Amino acid sequence: MDIPDLLHGMHQSLQPFGHILDVGLCCEPKTQSYMGTGYAIMDIDPQQGQDINPLTHLIPWMNTSDGFHAMWNDMPTWCRYCHEHGHDRN
């Protein structure tokens with residue numbers, strides 16, 4: 001998948017969770033190959049009349065059974081090994 005398609009997919013996948021201010025992908029400088037990580041800056045405070053979903057650690061990829069893991073400030077405890085909520089494994 002090329003970079004524009006990945007960015008489009010991120011927008012589509014994150015849209016139900018709030019207003020997307022910016023998204024970006026980390027790419028290798030010479031080849032511009034996707035390095036497997038990225039970011040999104042979002043406004044997750046619902047505006048009047050806006051219906052948004054609460055953020056979850058697993059974000060479905062464009063309404064499919066595939067997905068990616070999200071992290072944010074003050075998110076609930078989750079395990080970096082199994083990605084389940086409520087415990088962590090150091």
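The values are calculated or read from the model by the stated rules, or taken from the named source; none is laboratory data. All values derive from a computational prediction rather than experimental measurement. A quick note on method: Cβ atoms are made from the backbone with ideal geometry, for glycine too, and the neighbour counts reach across all protein chains shown. Only protein heavy atoms, including side chains, enter the accessible area calculation; ligands, DNA and RNA are left aside. Shrake-Rupley method; radii C 1.70, N 1.55, O 1.52, S 1.80 Å.
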* Heavy-atom accessible area per residue - the chain, 1.4 Å, Å² -> 76 Å²
* Within segment 34-62, which residues have the backbone N less than 18 Å from the label spot 7 Å out from CYS82 along Cα→beta-carbon, could you tell me? => 57-58
* Quick one: accessible surface of HIS8, probe radius 1.4 Å, all protein chains present, in square angstrom to the nearest 10. => 100 Å²
* Gaussian network model of the chain, springs between alpha carbon atoms under 10 Å - residue of ASP74, ASP43, ASP66 with greatest fluctuation -> ASP74
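In a shell of Cβ-Cβ distance under 15 Å around MET10, excluding MET10 itself, what net charge do Lys and Arg (+1) and Asp and Glu (-1) give?
Once all neighbours under 15 Å are counted, the net charge is -4.
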* **Theoretical ellipticity at 222 nm over the chain - DSSP helices of four or more residues, -39500 (n - 2.57) apiece, nearest 500** => -4000 deg cm²/dmol
* Structure fact -> Carbon plus sulfur, as percent of the 1.4 Å-probe accessible area of the chain, comes to 50 percent
* Asked: Under a GNM of the chain (C-alpha, springs under 10 Å), which listed residue has the highest mean-square fluctuation: PRO76, PRO54, PRO29?
  -> PRO29
* Subtracting the Cα-Cα distance from 0.36 nm times the residue separation, let me have the gained length for LEU25 to THR56 in nm, one decimal. => 9.2 nm
